[in-house]
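Participant: Here's a structure for you.
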Protein chains: 2
Amino acid sequence: MNYKIKIMYDGSAYNGWQRQKNTDKTIQGILETSISLILGENIQLYGSGRTDAGVHAKGQIANFHTKVVVSLKQMQNSLNLMLPEDIKVLQLNAIDAKFHARRSAVKKRYSYSIWNSYISPVFERKYLYERVEKLDLNAMREASKYLVGEHDFRSFCSNRTFEKSTIRTIYSIDIEKTGDKIVIFYEGSGFLYNMVRILSGTLIEIGLGSRKPNSISALLEAKKRELAGFCAPPQGLCLDHVFYENQWEEENNAIFRGDREES
Amino acid sequence: MNYKIKIMYDGSAYNGWQRQKNTDKTIQGILETSISLILGENIQLYGSGRTDAGVHAKGQIANFHTKVVVSLKQMQNSLNLMLPEDIKVLQLNAIDAKFHARRSAVKKRYSYSIWNSYISPVFERKYLYERVEKLDLNAMREASKYLVGEHDFRSFCSNRTFEKSTIRTIYSIDIEKTGDKIVIFYEGSGFLYNMVRILSGTLIEIGLGSRKPNSISALLEAKKRELAGFCAPPQGLCLDHVFYENQWEEENNAIFRGDREES
């Protein structure tokens, strides 16, 4: 059977999503170990994509195959009891064998959170990038229009080994401000290595006035990483949601949270 | 000069507000040490009240006297650079010599946060009490009506040494639910040792159906701690705000945050 799993994590204490040989502190590694222990069978977990060290997720999606027959509810419970307190399994459901968390994904939403004032709230300190200088949201919003659409985002990725293609589509960039907190929401077909952090760093530099909004076109054209803005720190970044075609969405499957009646 | 200071802290890592001889991990202790270092003079900090180990604050108030002349802005900046990342000075202002953070306080607001579902959000895990069983908010709201007013709250305090009087006035108890999160807000003239946590534990037991809302009157009457509910864990509790008479409110003083113009 193929299982789809939805995971939330506070990435502060981890070396990112991807399993690595020289550290136990990866989300994928911890999940694979925990699931394998419960099933008594070594499974391999396929994530929708990697997240960097220190990056968070509210809705990372992964899948794994196993021949072991499980009670979904029991397995999700066991996993949440076994996992450290900063990783939670939000949903677990059986899914068609063809589903693949990365290849089946059609869209992703990321958010980048900035505290744009002097004193950031201690309760959110691990989920915000603090930047005191006042950001010009109008300039940032104007700049974001140049980024939306299908473009070659080579200037905005720090790939060490280049992907086959650096062309991606950004469907929308929304910038919201609540009090002193600014959140940039990105929706796109997929994102290159460090792309959301470099986009955020570039938008922040535009907000600071050190770049012009209309400089984005030339930046995309140039295809040179060194011309784009700084790579904004990981703690502000969160993978909010991974979108799939309707037939893969969790609404079509029995899920744990639905087991309890609302009164 | 007398200075009023407003402090926000994540209490997770501390042994509470009050300075203790056998630990460096108290909010008061760390603040006194930091302020004294900056001033070059040993000061004593008077808090509006203690918070227990693990309890948080969004608006704790304290005051201290010093003969050293300081730039408020510079001192607040220095303090925030020196303090650990889970303690922040929100405001610092000069105030009349008669002001005393505890004695001048006329009202306090506390909040107690409960996650009333299966999977609590990892990002708020240190600021919530997790309780899976569905709570009956109507019963809790009905019970809270019996608590509002001037009462002898001896049943609701775990004082080892009794205060002179255990009579206090609760002005309001509001229970709000947003998604799976329930927050109980308490406003009162003052609160006894562990009182908000025992009130919350009792209200939770009422929400679970193991006590009746109208049992509160007899409970107040009995003046016996062992008859009240459990002492709810500290991480759900936060000191939100300390209220003073108008002449002591920060609006009447130059404050740091006001120095920056909003655009």
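The values are calculated or read from the model by the stated rules, or taken from the named source; none is laboratory data. Keep in mind it's a predicted model, so treat the numbers as computed, not measured. Glycine also receives a Cβ, built like all others from the backbone with ideal geometry; neighbour counts cover every protein chain displayed. Accessible surface areas use protein heavy atoms only, side chains included; no ligands, DNA or RNA. Shrake-Rupley method; radii C 1.70, N 1.55, O 1.52, S 1.80 Å.
Participant: Among rounded, prolate and oblate, which fits the protein assembly as shown when a ≥ b ≥ c are the square roots of the eigenvalues of its C-alpha gyration tensor, a/c under 1.5 means rounded, and a/b larger than b/c means prolate?
Facilitator: oblate
Participant: Among B:VAL148, B:VAL242, B:LEU192, whose Cα projects farthest towards the positive end of the dipole of chain B, with charges put on the beta-carbon of Lys, Arg (+1) and Asp, Glu (-1)?
Facilitator: It is B:LEU192, whose Cα lies furthest towards the positive end.
Participant: Taking just the alpha-carbon atoms of segment A:7-59, what radius of gyration and Dmax come out, in angstrom?
Facilitator: In order Rg, Dmax, the Cα atoms of segment A:7-59 give 10.8, 30 Å.
Participant: Over the heavy atoms of B:THR66, what accessible area does a 1.4 Å probe trace out, to the nearest 10 Å²?
Facilitator: That residue has around 10 Å² of solvent-accessible surface.
Participant: Give me the dipole magnitude in Debye, nearest 20, for the protein assembly as shown about the Cα centre, with unit charges on the beta carbon: positive for Lys and Arg, negative for Asp and Glu.
Facilitator: With only Lys, Arg, Asp and Glu charged at Cβ, the dipole is about 780 debye.
Participant: Which order do you get for B:LYS224, B:LYS107, A:LYS21 if you rank them by accessible area with a 1.4 Å probe, largest at the top?
Facilitator: Sorted descending by solvent-accessible area, the residues read A:LYS21, B:LYS224, B:LYS107.
Participant: Which order do you get for A:LYS73, A:LYS67 if you rank them by accessible area with a 1.4 Å probe, largest at the top?
Facilitator: Ranked list, largest accessible area first: A:LYS67, A:LYS73.
Participant: Every other copy gets compared here: list the nm distances from the B:LYS145 label point (7 Å along Cα to Cβ) to its counterparts, shortest first, one decimal.
Facilitator: Sorted ascending, the copy-to-copy spacings read 5.6 nm.
Participant: Output the 0 to 90 degree angle, nearest 10, between the alpha-carbon long axis of helix B:137-147 and the longest principal axis computed from the alpha carbons of chain B.
Facilitator: 70
Participant: While we're on this one: From the square roots a ≥ b ≥ c of the eigenvalues of the alpha-carbon gyration tensor of segment A:59-103, which class results: rounded (a/c under 1.5), prolate (a/b over b/c), or oblate?
Facilitator: It comes out oblate by the Cα gyration axes.
Participant: If the only charges are +1 at each Lys and Arg Cβ and -1 at each Asp and Glu Cβ, what is the size of the charge dipole of segment A:1-108 around the Cα centre, to the nearest 20 debye?
Facilitator: Charge dipole of segment A:1-108: 480 debye, to the nearest 20.
Participant: Another question about this same structure. Under a plain spin-label model, where a point goes 7 Å from the Cα along Cα-to-Cβ, how far apart in nm are B:GLN44 and A:LYS67?
Facilitator: For B:GLN44 paired with A:LYS67, the spin-label model returns 7.6 nm.
Participant: A follow-up question, please. Translational diffusion coefficient, Stokes-Einstein: compute it for chain A using the Kirkwood radius over C-alpha pairs as Rh, at 37 °C and 0.692 mPa s, and state it as an integer in µm² s⁻¹.
Facilitator: Value of D from the Cα-based Kirkwood radius: 168 µm²/s.
Participant: Label B:LYS145 and A:GLU226 with points 7 Å out from Cα along Cα→Cβ: what is the distance between them in nm?
Facilitator: Between B:LYS145 and A:GLU226, the simple spin-label model gives 7.4 nm.
Participant: For chain A, find the longest principal axis of its Cα atoms and tell me its angle to the long axis of helix A:195-207, 0 to 90°, nearest 10.
Facilitator: 30
Participant: Just to be sure I understand the interface: list residues from segment A:74-111 that lose 40 Å² or more of accessible area between the chain on its own and the complete protein assembly, 1.4 Å probe.
Facilitator: So the qualifying set is A:GLU85, A:LYS88.
Participant: I would also like to ask the following. Quick one: if you stick a label point 7 Å off each Cα along the C-beta vector at A:ALA97 and B:LEU208, how many nm between them?
Facilitator: Computed distance between label sites A:ALA97 and B:LEU208 equals 4.7 nm.
Participant: Using Cα positions and a limit of under 17 Å, work out the aspartates and glutamates in reach of B:LYS73, with same-chain residues fewer than 8 apart set aside.
Facilitator: In chain and number order, the partners are A:GLU133, B:GLU250, B:GLU251, B:ASP259, B:GLU261.
Participant: Okay, next question. Which pairs break 22 Å Cα to Cα here: A:LYS6/A:LYS98; B:LYS4/B:LYS58; B:LYS177/B:LYS223; A:LYS58/B:LYS181; A:LYS181/A:LYS223; A:LYS145/A:LYS223?
Facilitator: Among A:LYS6/A:LYS98; B:LYS4/B:LYS58; B:LYS177/B:LYS223; A:LYS58/B:LYS181; A:LYS181/A:LYS223; A:LYS145/A:LYS223, the Cα-Cα distance tops 22 Å for B:LYS177/B:LYS223; A:LYS181/A:LYS223.
Participant: What total accessible area, in Å², is buried where chains A and B meet, using a 1.4 Å probe and rounding to the nearest 100?
Facilitator: By this definition, chains A and B bury close to 2900 Å².
Participant: Sticking with this one: Using a Förster radius of 41 Å, what is the FRET efficiency between B:GLU130 and A:SER215 based on their Cβ-Cβ separation? Nearest 0.05, please.
Facilitator: 0.25
Participant: Further, regarding this structure: For segment B:45-94 and segment B:130-176, what is the centre-to-centre distance using only Cα atoms, to the nearest Å?
Facilitator: 29
Participant: Work from the charge dipole of chain A (Cβ charges, +1 for Lys and Arg, -1 for Asp and Glu, about the Cα centre) and give the residue of A:ALA53, A:ASN2, A:LEU90 farthest towards its positive end.
Facilitator: A:ALA53
Participant: How many percent of all Cα-Cα pairs in segment A:112-178 sit more than 13 Å apart?
Facilitator: 73
Participant: Round to the nearest 10 and report in Å² the accessible area of A:TYR146, as given by a 1.4 Å probe over the protein chains' heavy atoms.
Facilitator: Looks like 80 Å² after rounding.
Participant: Label 7 Å along Cα→Cβ of B:SER158; segment B:197-238 residues with amide nitrogen under 17 Å?
Facilitator: Answer for this model: B:197-205, B:224-238.
Participant: Between A:LYS98, A:LYS108, A:LYS58, find the one with the highest GNM mean-square fluctuation for chain A; connect C-alpha pairs within less than 10 Å.
Facilitator: Highest fluctuation of the listed residues: A:LYS98.
Participant: Answer rounded, prolate or oblate for segment B:1-124, using the Cα gyration tensor with square roots of eigenvalues a ≥ b ≥ c: rounded when a/c is under 1.5, else prolate when a/b is larger than b/c, else oblate.
Facilitator: Cα axes put segment B:1-124 in the prolate bin.
Participant: Follow-up question, since we're still on this one. Say we join alpha carbon atoms closer than 10 Å with springs in a Gaussian network model of chain B; which of B:VAL55, B:VAL122, B:VAL242 then has the biggest fluctuation?
Facilitator: Most flexible of the set in this elastic network: B:VAL122.
Participant: Shifting gears a bit: Quick one: dipole size for chain A, taken about the Cα centre, charges +1 on Lys/Arg Cβ and -1 on Asp/Glu Cβ, in debye to the nearest 20.
Facilitator: So the dipole magnitude of chain A works out to roughly 720 debye.
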